[in-house]
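The values are calculated or read from the model by the stated rules, or taken from the named source; none is laboratory data. A quick note: this is a predicted structure, and the numbers were derived from the prediction, not measured. Positions of Cβ are generated from backbone atoms using ideal geometry, with glycine treated the same way; all protein chains shown enter the neighbour counts.
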Amino acid sequence: MKMFHKKGAIRTLAGIAVSAVIALTFAGCASSPSSKSTSSDPVKSSSSLSGDLTVSYLSGNPFTDDTLKKFGAMNPGLKIRDVQSTSNTYQAQIRAQLDSGQGPDVIFIWTGSGNAMAAQILGGAGKLVNLSNQPWAKSMDPAAKTLVSLNGKVYGLTTVQNPYGFFYNKDKMKELGITPPTTFSGLINTCKAVRKKGLVLIALGAQTGYLAYGIPAQLANSIAYTKDPNYLTKLGKGEETWTDSKVWNQSLSKALDEYQTMIKAGCFQDNVTGYSEDAVKQMVASGKAVGTYLISAGLPALRALAPDMKIDFATLPATEKASDLVLTANPGSAWGVSASSKNKAAAEALVNYMGTPQRQALDAQANFGFPYTVNKDVKVPAELTGAGKLYKEGKVLLFPTALWPNPEVKQTIIAECQNLLNGNETVDGVLKAVQKSFGGK
Amino acid sequence: MTTLTQAPPTPPAQRTATRPVRAKGFGTPPWFAVPAFAFFTAIVAIPTVLGVYYAFTNWDGISAAPVFVGLDNFIQLFKTPETIQALGNTLLMALVITVAQNAIGLALAAGVNSRIKSRNVLRTFLFAPVVMTPIIVGYLWQFLFIPNGPIARLAEVVGIHNLNVLGDPATAIWGVMVVVIWQHAGYSMVIFLAGMQGIPEEINEAAALDGAGVWKRFVHVTWPLLRTPLVINITLSLIMSFKLFDQVMATTQGGPGYSTQTLSTLLYFEAFQFNHFSSGIALGVIVFVLTAVISFAQMRLFRDRNAA
């Protein structure tokens, strides 16, 4: 009996030890220790900031790690603590902290009003500091400013925009004797020519939500731009509504027709809804497709699969004039300062540091994007050469997602486009469903 | 041959011998339970009750003062075709997964409950998928199911062309079910195996002496004595099926269209994508009630049969 008790006690102790190890492991995942810089980077101290500063962001972001390291080196009196989470837990975790008044000082947030951690939602709920008077806020790109503002107040710094488009294997293009098409009919002819040679021009991973509707959304943007270059600004400012905007509705209708034409012309592989983003990247890497439709932020994964491939970018044409080509870019993310921050001076200083033109340019380079504020001197990554010209000409439109009035629109257009690709929906059906979703619940 | 309908009675003397003897005057005082009760109340009971309350409000996940809206969230949910489709998908998945997972688990248990030399290796091998992360399993099968992938090529051999399991709305839900069943059949196997190993060898030997073959021994001896593991397995697989989320998100994200949307994935979209926290919680309440009612009903059914 005594022996039994001993064994039980050992078992209990072992259980506690295992639980403690597991708890510590998870705690380690949620929050890493202080990231006070140990860098040898010769950045001199720029201020006398001190105290604690907590910064929360999505894990796997080496550029932000580097930013904190450098900012820490500039401010040796500051103890910086980073809280990193994966995308599936970040929103719930940080929102709960903000709700209880215990949130981080500087927060990675989303632009627009698409989720509970978006700038306009948090700003409207009084969870973020008004940053309208910060130096970068005055020179911020108007479209980007719309996405992080509410009632004239700026709640976030948004730095990088990532273009969407056709990323292709340059050598494969040369081998097939083709060049990136600049007109819609040229695109269809290229698709047919490539198909005849047993390949596909665009490997499409329509199983992944954003890729199912990315092409029609980009084509609609291009068509709408030719009708009214300011259509998105008007919608963003509320001068027009998505439901009533004839420019948008007619453009989406034409874009969906073009999408169907592309399907019929064999621009994509068969059964596109069975392929994920990762699967189509493998198709390109293995030479089964000339290129794929992607957001530039997805390039590192493609690069990892094909380290030696010469990659370039082309925007998909929607009209018959090469001069109508515009770049569609993702509005992406932003940085805000918590209203409950106990060290607002340091938090604002960090955001201001992130907003300097030098840091924005480096951020863009690290994330295969472009700074929001058009910068003609920006160094364009080799993979984005085809996008650089349009960017420097200022021919950039935001991807409409962040300006949509509610997040249901995105989910609706994903589902409807997948049905369209499977032949289970008509263009009219997609249009009606999208139109209905603008009304929200 | 007589079919056994309940476990052979345990000799009363043995039962008395193993029962712990409680010394008079040394019973556990009720207040010993106070810390555990307080902990449970604070961590489980109060948040659960508050959570259910939020299903009847317009809480958006941020505002501190939600307004009571009665049954509005539930009415609104059942007005949308996506909820009806998600409910249908969840019920279909619960039925198919529960039946298939347990049938396969039972067959595997019968197979490894033998005296073959490699039985321990086989048990480990068959249980291995259970310990894998559902997301990893989902990604693995996503690649196996890819058009022109390994399964599509195998299908070509038997004359099925152009197979697009996860990309076709007609087959996607069955693809997800295959993933779930593959992962969890080993779990059912272990529970059935434990039940089988608890059956006294003498009963099987006696049946064999009476001339019963392997199949007859299984049907008339083993199966009737597996009622308890069966109830446990059905309850667990029902609960798991009603909460199905990870594998769906990893393979199809509820698509193509809404063809693989379940109540749990819809809950995620409502709460975390659309900011309709109260609707998300209302869906959680629906899942809870469905699981509780069906689990209770099946346990009641089995208890009545046992009593009969």
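Do the conditions hold for B:Val176, that is, is it more than 23 Å from B:Leu122 (Cα to Cα), buried (at least 20 other Cβ atoms within 10 Å of the Cβ), within 14 Å of another protein chain (Cβ to nearest Cβ) and in contact (Cβ under 8 Å) with a residue 24 or more places away in the chain? It would help to see each step written out before you state the result.
Details: more than 23 Å from B:Leu122 (Cα to Cα): yes; buried (at least 20 other Cβ atoms within 10 Å of the Cβ): yes; within 14 Å of another protein chain (Cβ to nearest Cβ): yes; in contact (Cβ under 8 Å) with a residue 24 or more places away in the chain: yes.
Yes; evaluated as a whole, the condition is true for this residue.
Would you mind telling me which numbered condition in (1) within 14 Å of chain B (Cβ to nearest Cβ); (2) more than 30 Å from A:Asp52 (Cβ to Cβ); (3) outside any helix (DSSP H, G or I) A:Val380 fails?
All conditions are met except number (1).
Tell me, yes or no, whether region B:216-233 has at least one residue that is surrounded by 22 or more Cβ atoms within 10 Å (Cβ to Cβ) and either within 14 Å of chain A (Cβ to nearest Cβ) or acidic (Asp, Glu) (or both).
The answer is no, given that none of the residues of region B:216-233 is surrounded by 22 or more Cβ atoms within 10 Å (Cβ to Cβ) and either within 14 Å of chain A (Cβ to nearest Cβ) or acidic (Asp, Glu) (or both).
Collect the residues in region A:286-302 that are over 18 Å from the mean Cα position of the chain (by Cα) and surrounded by fewer than 23 Cβ atoms within 10 Å (Cβ to Cβ), keeping them in residue-number order.
Once the filter is applied, which keeps residues that are over 18 Å from the mean Cα position of the chain (by Cα) and surrounded by fewer than 23 Cβ atoms within 10 Å (Cβ to Cβ), region A:286-302 yields A:Ser286, A:Gly287, A:Lys288.
Collect the residues in region A:237-285 that are among the hydroxyl-bearing types (Ser, Thr, Tyr), under 26 Å from the mean Cα position of the chain (by Cα) and more than 14 Å from chain B (Cβ to nearest Cβ), keeping them in residue-number order.
Taking region A:237-285 and keeping what is among the hydroxyl-bearing types (Ser, Thr, Tyr), we get A:241, A:243, A:245, A:251, A:253, A:259, A:261, A:273, A:275-276.
With under 26 Å from the mean Cα position of the chain (by Cα) added as a condition, the list becomes A:241, A:243, A:245, A:251, A:253, A:259, A:273, A:275-276.
Passing the criteria: A:Thr241, A:Thr243, A:Ser245, A:Ser251, A:Ser253, A:Tyr259.
In this structure, is A:Phe167 of a type outside the set (Ser, Thr, Tyr), surrounded by fewer than 24 Cβ atoms within 10 Å (Cβ to Cβ) and either more than 30 Å from B:Ser259 (Cα to Cα) or modelled with pLDDT of 95 or more (or both)?
Working: of a type outside the set (Ser, Thr, Tyr): yes; surrounded by fewer than 24 Cβ atoms within 10 Å (Cβ to Cβ): no; either more than 30 Å from B:Ser259 (Cα to Cα) or modelled with pLDDT of 95 or more (or both): yes.
So A:Phe167 fails the test.
Any chance you could count how many residues in region A:191-218 are more than 30 Å from B:Ala250 (Cβ to Cβ) and either in contact (Cβ under 8 Å) with a residue 24 or more places away in the chain or more than 14 Å from every other protein chain (Cβ to nearest Cβ) (or both)?
Qualifying residue count for the region: 7.
Hey, can you tell me all the residues within region A:103-117 that are at the interface with chain B (Cβ under 9 Å from one of its Cβ atoms) and aliphatic (A, V, I, L, M)?
The one that is at the interface with chain B (Cβ under 9 Å from one of its Cβ atoms) and aliphatic (A, V, I, L, M): A:Ala116.
Show me the helices (runs of 4 or more DSSP H) entirely contained within region B:221-288 in which 3 or more residues are polar (S, T, N, Q).
B:227-242
Being within 16 Å of B:Val179 (Cα to Cα) and of a type in the set (Val, Ile, Thr) is the filter here, so list the residues in region B:70-110 that pass it.
If the condition is that a residue be within 16 Å of B:Val179 (Cα to Cα) and of a type in the set (Val, Ile, Thr), then B:Thr90, B:Val96, B:Ile97, B:Thr98, B:Val99, B:Ile104 are the ones that fit.
Can you name every residue in region A:85-97 that is crowded, with 19+ Cβ neighbours inside 10 Å and either aromatic (Phe, Trp, Tyr) or within 17 Å of A:Ala347 (Cβ to Cβ) (or both)?
Within region A:85-97, A:Tyr90, A:Ile94 meet the criteria.
Return a yes/no flag: does region A:130-142 have any residue that is part of a helix (DSSP H, G or I) and buried (at least 18 other Cβ atoms within 10 Å of the Cβ).
Within region A:130-142, one or more residues are part of a helix (DSSP H, G or I) and buried (at least 18 other Cβ atoms within 10 Å of the Cβ).
Conditions tested, residue by residue: (1) in contact with a helix residue (DSSP H, G or I) (Cβ under 9 Å, 6 or more places away or on another chain); (2) hydrophobic (A, V, I, L, M, F, W, C).
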| residue | (1), (2) |
| --- | --- |
| A:Lys281 | yes, no |
| A:Ala306 | yes, yes |
| A:Ser333 | no, no |
| A:Val351 | yes, yes |
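Residue check, B:Gly61 against (1) under 22 Å from B:Thr291 (Cα atoms); (2) outside the structural domain of B:Pro229 (by TED's automatic domain parsing), all met but one. Which one?
Exception for B:Gly61: condition (1).
Could you check how many residues of region A:46-62 are within 16 Å of A:Asn352 (Cα to Cα) and either of a type in the set (A, V, I, L, M) or part of a helix (DSSP H, G or I) (or both)?
Selection size over region A:46-62: 3.
Among the residues of region A:417-435, how many are surrounded by 15 or more Cβ atoms within 10 Å (Cβ to Cβ) and either more than 10 Å from chain B (Cβ to nearest Cβ) or at positive phi (or both)?
6
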